[in-house]
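Asks: Below you will find the structure I want to go over with you.
Laboratory data are not the source of any read-out in this text; all were calculated from the coordinates shown. Source: prediction; values computed, not measured. In this analysis, Cβ positions are derived from the backbone assuming ideal geometry, glycine residues included, and neighbour counts consider all displayed protein chains.
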Amino acid sequence: MKNLFFLLLFAIPLFAEAQLQSLDTIKAPLNYDGIYSRMVASDALSSSFVIFIKKDVKKHKHATHTENVYILEGEGEMLLGDKTFKVKKGDIIFIPMNTVHSLKVTSSIPVKVLSVQSPYFDGKDRIFID
């Protein structure tokens with residue numbers, strides 16, 4: 001158990017270096033399929049990603065973390081729990097753990113978001129819903 005703790009301690013930094021980034025300068029590659037995600041910062045307590053969505057994000061939930069999504073560009077329809085909302089640039093969405101959510105892009109441009117997830121997101125707690 002002690003060895004596992006030290007492995008985890010070094011695998012996920014507890015303290016990250018402070019940084020400043022402009023979200024306007026982060027672009028998706030010209031040719032990407034469906035969703036492009038780029039991690040911009042992380043430590044053991046949180047992970048931040050800029051995500052570009054061309055068409056949709058399939059219905060899913062996260063078993064062990066919460067997510068805050070800030071819409072930077074584009075528009076869509078978001079399922080959050082049992083309600084559907086129109087979302088657009090400037091909107092912020094709080095998604096508690098175990099809350100089913102999805103997104104369908106309705107704009108002519110991809111939806112670009114800043115997603116802040118806590119604790120650290122490694123993808124293992126994402127559960128897709130049929």
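Asks: Pull up the DSSP beta bridges for the stretch 2-128 and report the antiparallel fraction as a percent, rounded to 5.
Replies: Working: 42 of 42 bridges.
Percentage antiparallel, nearest 5: 100.
Asks: Modelled label-to-label distance, K89 and T66, 7 Å Cα→beta-carbon offset: nm?
Replies: Once both label points are built, they end up 2.8 nm from each other.
Asks: Then there's this: Grab the eigenvalues of the alpha-carbon gyration tensor for the chain, scale each by 5, take roots, and send me the semi-axes largest first in whole angstrom.
Replies: Numbers: eigenvalues 142, 69, 32 Å².
Its equivalent ellipsoid spans semi-axes of 27, 19, 13 Å.
Asks: Rounded to the nearest 500, what is the chain's calculated 222 nm mean residue ellipticity when only DSSP H runs of at least 4 contribute -39500 (n - 2.57) each, over all residues? Display every interim value, and only then the final one.
Replies: Working: 1 runs with 10 residues, N = 130.
Here the helix-only value at 222 nm equals -2500 deg cm²/dmol.
Asks: Past 24 Å, Cα to Cα, is the threshold; run K88/K124; K59/K88; K27/K83; K55/K83 against it and keep the listed order.
Replies: On the way: K88/K124 28 Å; K59/K88 19 Å; K27/K83 31 Å; K55/K83 20 Å.
Cα-Cα > 24 Å for K88/K124; K27/K83; rest within.
Asks: Between S107 and D56, what is the label-point separation in nm under the 7 Å Cα-to-beta-carbon projection?
Replies: That separation, rounded to one decimal, is 2.0 nm.
Asks: Also, I was wondering about something else. Compare N68, N31, N98 in a GNM of the chain, Cα atoms joined below 10 Å, and give the one with the largest fluctuation.
Replies: N31
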